[in-house]
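The values are calculated or read from the model by the stated rules, or taken from the named source; none is laboratory data. Just so we're clear, the structure is a prediction, and the values are computed from it rather than from any experiment. Because the Cβ atoms are built from the backbone with ideal geometry, glycine has one as well, and the counts that use them run over all protein chains shown.
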Amino acid sequence: MSDGAEKSKRSNYHGRLEYTFARNMRDYEGYSIGKLLSLINDPKIISMAGGMPSPEMFLQEQLRQATRRRFDSHIHRIMQYSSIRGEGELIEAVIAFLQRDDIHVRPENVMITSSGQQGLDLVGRLLLDPGDALVVERPTFAGALAAFQMQRPDYLGIELAADGLDVVQLRQVLSDCQASGSPPKFIYVVPDFQNPTGICMSLAKREALLALSRLYHIPIIEDSPYRTLRYCGSQLPSLFSLDQQQGGGSVVGVYTFSKLFCPGMRVGFTIGPPEVISKMTNIKEGSTLNTPPYNQEMCADFLTTVDLDAYFQRCHVYYQEKLRVLLEALETHFPPERGVTWTRPDGGLFLWLSVPETVNTQSLFHAALGFKVAFVPGDAFYGEHPEYRHMRLNFSCPSSDQLKEGVRRLSDCLVRTESVVDRLQRSRWSINQYT
Ligand code: PMP
């Protein structure tokens, strides 16, 4: 382009400057789920789309008291800049919290983040160059894809079974990558009550995954927002603790207070080898600097003054009942002959529902808004080769009555959509008879 043409290109928009976005950002259209959620603005819509914990579980009085107490004793510290890696008090409280889960770390293994989402962003920025490959589950957490997408990586999707990712397929993929000289940079998994499926990885698969990570020297990123939300069955060891029992160093753990305490604080933490934590701190220095001290103090107060066992127990009873109501409603409205299937999680906030192949859940989403019900279409949760016959349903936020009514509306919407698809198919069939 000539100098003149370049100049006019830069200033021809009503005399205003035209911005030339970074190549990486030109065709980036943002987080797909965020956009869908913005369409759900009618209060009459029953939304099973979001991923929010129930406000009924928020410890509001505890937060009020902690705020008052800490403002009275050291408001100056709360109003000041603070350490990038995190406040000492919160790091110590996190270390003690992790010990309950048989994870034993030292301060140099911990970094406080401004949410789990920031932890994922820092992982991507630390480990990925454009075009690098990483392994993800199929389906996987869409927010992780949004974070990693900033580095323009290639995704190697591994199918997810009822007991976690297909480790036979993973072994094959890792072996092929080794043979071609381009190994993935890491394996990203959500082993406990995964978002979007609610699936929990079995102990055998956890051990197999760790063995593959060691064999092929590929680190694992274990994202654990829902680990404390188990409603039945017994807890399985985290990948981080299993790895520690074998010497450690293969797993980086990404955590958040969003589902432990509340998402409004935007506080999380990442644990891993000191060299990983220290590099991530360098990246955080260039973005948010420190996580707000007030938010860190509230999280430290939560971990140190709340009876965590009693609190989690209360959450379990509450969410387990919501899950039971949703499962019962699904059984009532979708008898086996309708060809609809769904996961039956033991914890977390979501389940994954699959509809007959003829139905596309992207189109169904828009039809469902007309029926005043919403979900997240499943294609948002694939790094590559999206599938269009699934949806994510959240059960933590809607009331029990809303869950029952939401499933009834979803069922009506599906009946209507299937009859339209059926009519279309039959008319195509009759056209084919004469052509
Ligand atoms: N990982 C997973 C699997 C999640 O579901 C979420 C929240 N929905 C996060 C990380 C990030 O949580 P936050 O940013 O709220 O801390």
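Tell me which residues, restricted to region 88-109, are more than 16 Å from the ligand (Cβ to nearest atom) and touching a strand residue (DSSP E or B) at 6+ places or on another chain (Cβ under 6 Å). Break it down into steps so the answer makes sense when it comes.
Narrowing region 88-109 to residues more than 16 Å from the ligand (Cβ to nearest atom): 88-89, 91-93, 95-96, 98-109.
Residues satisfying the conditions are Ile91, Val105, Asn109.
Please tell me if Phe381 is touching a helix residue (DSSP H, G or I) at 6+ places or on another chain (Cβ under 7 Å), buried (at least 23 other Cβ atoms within 10 Å of the Cβ) and of a type in the set (Phe, Trp, Tyr). Write out each step before concluding.
Details: touching a helix residue (DSSP H, G or I) at 6+ places or on another chain (Cβ under 7 Å): yes; buried (at least 23 other Cβ atoms within 10 Å of the Cβ): yes; of a type in the set (Phe, Trp, Tyr): yes.
For Phe381, the condition - touching a helix residue (DSSP H, G or I) at 6+ places or on another chain (Cβ under 7 Å), buried (at least 23 other Cβ atoms within 10 Å of the Cβ) and of a type in the set (Phe, Trp, Tyr) - is met.
Between a residue in region 131-145 that is assigned by TED's automatic domain parsing to the domain that holds Leu160 and closer than 14 Å to Pro184 by Cβ and any residue that is more than 11 Å from the ligand (Cβ to nearest atom) and among the hydroxyl-bearing types (Ser, Thr, Tyr), which pairs come within a Cβ distance under 6 Å, given they are 6 or more apart or on different chains?
Val136/Tyr155
When region 112-155 is examined, which residues are found to be away from the ligand (no atom under 14 Å from the Cβ) and either in contact with a Gly (Cβ under 9 Å, 6 or more places away or on another chain) or hydroxyl-bearing (Ser, Thr, Tyr) (or both)?
Taking region 112-155 and keeping what is away from the ligand (no atom under 14 Å from the Cβ), we get 125-135, 138, 149-155.
Residues satisfying the conditions are Leu134, Val135, Arg138, Gln149, Met150, Gln151, Arg152, Pro153, Asp154, Tyr155.
From the list Val190, Val251, pick out the single residue that is buried (at least 23 other Cβ atoms within 10 Å of the Cβ), within 14 Å of the ligand (Cβ to nearest atom) and either more than 27 Å from Met48 (Cβ to Cβ) or of a type in the set (A, V, I, L, M) (or both).
On the way: Val251 fails: within 14 Å of the ligand (Cβ to nearest atom).
Result: Val190 is the single residue among Val190, Val251 that is buried (at least 23 other Cβ atoms within 10 Å of the Cβ), within 14 Å of the ligand (Cβ to nearest atom) and either more than 27 Å from Met48 (Cβ to Cβ) or of a type in the set (A, V, I, L, M) (or both).
Any residue in region 191-202 that is more than 23 Å from Phe395 (Cβ to Cβ), in contact with a helix residue (DSSP H, G or I) (Cβ under 8 Å, 6 or more places away or on another chain) and either of a type outside the set (Asp, Glu) or modelled with pLDDT under 95 (or both)?
Looking for residues that are more than 23 Å from Phe395 (Cβ to Cβ), in contact with a helix residue (DSSP H, G or I) (Cβ under 8 Å, 6 or more places away or on another chain) and either of a type outside the set (Asp, Glu) or modelled with pLDDT under 95 (or both), one finds none in region 191-202, hence no.
Within the bounds of region 109-130, is there any residue that is at pLDDT 95 or above, more than 28 Å from Ile33 (Cβ to Cβ) and not assigned by TED's automatic domain parsing to the domain that holds Gly34? Quick ask: steps written out before the conclusion?
Here is the first cut: in region 109-130, the ones at pLDDT 95 or above are 109-129.
Subsequent filtering for residues that are more than 28 Å from Ile33 (Cβ to Cβ) retains 109-110.
Now narrow it down to the ones that are not assigned by TED's automatic domain parsing to the domain that holds Gly34: 109-110.
Yes, because at least one residue in region 109-130 is at pLDDT 95 or above, more than 28 Å from Ile33 (Cβ to Cβ) and not assigned by TED's automatic domain parsing to the domain that holds Gly34.
Ile221: in a loop (DSSP other than H, G, I, E, B) and in the same structural domain as Gln172 (by TED's automatic domain parsing), yes or no?
Against the criterion (in a loop (DSSP other than H, G, I, E, B) and in the same structural domain as Gln172 (by TED's automatic domain parsing)), Ile221 does not qualify.
Hey, Gly181 hits all of (1) buried (at least 20 other Cβ atoms within 10 Å of the Cβ); (2) more than 16 Å from the ligand (Cβ to nearest atom) but one; which does it fall short on?
Exception for Gly181: condition (1).
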